[in-house]
Each structure stands twice: as C-alpha cells, then as structure tokens.
Amino acid sequence: MPRYVGRFAPSPTGALHAGSLVAALASWLDARAHGGRWLVRIEDVDAPRCVPGADRLILRQLADCGLLPDEPPLYQSTRGALYQQALDDLASRGLAYPCGCSRKAIESEWQRLGRVKPRHGELVYPGTCRPERGGLQGRAARAWRLRVEPGVVHWNDRRLGPQSQDVAAEVGDFVLRRADGCYAYQLAVVVDDGAQGVTHIVRGEDLADNTARQIVLQRQLGLPTPQYLHTPLVRDAHGEKLSKQTGAQPLDTGNALAALAAAAAVLELDVSAPTVGDWLAQATQQWAARWARPAMAASDSPA
Ligand code: GLU
C-alpha cells in the first residue's frame, strides 16, 4: 500500500463557507487518523470564475482552524503543460478528439434524434464529432472530449457504499479542454491527484457524481484510483446546498472553535476542548475510531 496522501482542493471563487469547512476538516482528519500527509491544492483552472485574493483568504481561514498543509499549496494555474501533455497523450491514442459543437448544436442534434437528454441542466453529448462519424467536418475545434466506452463503472464510497454509473449513457464523451481554452476540472483533478500521489479523496457529496468520470479518466491515463469518501452537505433553511453561487456567507474563522464545532456536528463528531490544538487531537481520535480502522481492515484483508 502506498503511504496515505490526502488533499483538500478548493476553487478560489470566494471565501470558505460552513459547507466547505466540513470537507476541509474531514479530509484533514482522515489524513491525520491514517498518519498520512495532507495537501492543499488551489483549483484555479477555471480562470473566469476565480476571485483575486480568494486563495490567500481560504489558506488563512484554514490556518485559523489549525488545518495546515504539509507542503506549500499547489496552484493548478501553473500546471497547464501537464494537462496538455495528458490531453496530447490521450489524443495520440485516439482517446480524445476535438469537438466543434456549441450547446445549441448539441440541443438540435438531440431534437433531430427525437430525444432530449437533460442532465443537471447539461446535455449528454451525442457523439456528433466522434472521428468515426466524420469528425469536425470543416468546423473549427471548440473543445476536446474524452471518448467514453460503454459500460458501467463501479466504485465504493467509504460513507455512501457501493456506487455505479454508466458514464457513456449518462454523461457521454465529456469535455477535457473547454471552448474558452481552460482545461476542464475532470482533467486537471485527475492529472493532479495522480501526480501528487493522492491515495484518499475526501470531499463534499456534491462531487460524488463526478467520481465515475474521474475513474474512467484515471484508467485511460494509467493512474491508480484513490479511495473515496464523500462528506454530508450543509443545507440552508430552504434545504438547498450551501454554495458560493447561492450566496453562502463567508465563514468567520475569528472564532475558530465555533466554526470547527459547526463542521464537527455535520460529521457527527462530539468534541469539546479549550484550544484548537486540543480540539483537533480529540476530533482525530473520534474520526480514527469511526473511519480509519474499518477502512484499513477492509483494505488489509485478502481480496
Ligand atoms: N475544486 C473543487 C471544488 O471546489 C473540488 C475538487 C475535488 O475535491 O475533487 O468544488
């Protein structure tokens, strides 16, 4: 077994809110409970959505809560050459192809086929620009897509249990590099988790749906699949997931113990201590009792 490496990977689109601290704390606790390393990666590939200074704010909020990474944070904006290398590699093996379809073109194609396939407001890609269907046919390349073969991807979430998704049917050939030139989250996250040797991914449940796509990409790039644990989401008074887009309040880490206590309640930890250091030590013990031993026993047992 490679040594445990975990990470928290915030997008610097604003300050941490109560929901993002849950994911940050859980990933930190899981790393500490396994005696592993904990990294922070600033996911600033989606340049148009990044807010200047949000990275420093997030790092300060984490530090206020005692969540200090074991290495200087990695910035995805510095890693374009690696993402391009992975894309070139996939393209050279016929696994990625350029796509000239706008959203409108994809909608019209589904209409022509007599079907509408919505998916979280996105459309399953109907494969229009696949090379065997004629490729770009004179249109300019907009995005690059991964060729997804049919078949169900099965994976196990340490909290949610067995999961599966037929990526080809439910998502289709997904985007690796967007029409605006930005590398897609799926490509950047898989390349970086692989390059950083991440063995355990602990993140919010809203991201669980991306996992099967990331596993498909890991397999195509010859990268190992980490273990996953998706944490419960924090909801607002209307039952909506807290998010920066829906105007979640920035987290006040001036009172770090109160912020940590709220995150701990979501994770069903019951911790009370006078200092952040003591609080984190107690929380680590509770986390280890719940999540580290069974997970280690499971992976240690013969297949
Ligand atoms: N950057 C992503 C976000 O902030 C998280 C990526 C991940 O943990 O895989 O939603």
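No lab work stands behind these numbers, since they all come straight from the coordinates. Remember, predicted model here, so these are calculated numbers, not experimental data. Heads up, the Cβs are rebuilt from the backbone with ideal geometry, glycines too, and the neighbour counts pull from every protein chain shown.
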- Query: In region 5-31, which residues are more than 9 Å from the ligand (Cβ to nearest atom), more than 18 Å from residue 261 (Cα to Cα) and either of a type in the set (Lys, Arg) or surrounded by fewer than 23 Cβ atoms within 10 Å (Cβ to Cβ) (or both)?
  - Reply: 5, 14, 15
- Of the residues in region 179-195 that are surrounded by fewer than 16 Cβ atoms within 10 Å (Cβ to Cβ) and not aliphatic (A, V, I, L, M), the one that is nearest to residue 89 (Cα to Cα) is 181
- Only one of 211, 246 that is within 30 Å of residue 171 (Cβ to Cβ) and under 13 Å from the mean Cα position of the chain (by Cα): 211
- Task: Filter region 74-117 for residues that are within 29 Å of residue 10 (Cα to Cα) and small (Gly, Ala, Ser) and give the result.
- Result: 77, 80, 81, 86, 91, 96, 102
- Query: Just a yes or no: is a residue in region 229-237 charged (D, E, K, R) and away from the ligand (no atom under 13 Å from the Cβ)?
  - Reply: yes
- Task: Could you pull out the residue among 113, 146, 223 that is over 21 Å from the mean Cα position of the chain (by Cα) and away from the ligand (no atom under 13 Å from the Cβ)?
- Result: 113
- Message: Return the pair list, or none, for Cβ contacts closer than 6 Å from residues in region 229-254 that are in contact (Cβ under 8 Å) with a residue 12 or more places away in the chain to residues that are in a loop (DSSP other than H, G, I, E, B) and hydroxyl-bearing (Ser, Thr, Tyr), at least 6 apart or on different chains.
- Response: 244/13
- Give, as residue ranges, the strands (runs of 3 or more DSSP E) completely inside region 143-190 that count at least 3 residues that are out of contact with any Ser or Thr (no Cβ under 6 Å at 6 or more places or on another chain) and within 18 Å of residue 103 (Cβ to Cβ). 143-146, 175-177
- Message: Any residue in region 10-36 that is farther than 17 Å from residue 243 by Cα and without any contact (Cβ under 8 Å) to a residue 24 or more places away in the chain sitting within a Cβ distance under 9 Å of a residue that is part of a helix (DSSP H, G or I) and more than 10 Å from the ligand (Cβ to nearest atom)? List the pairs, counting only those 6 or more apart or interchain.
- Response: none
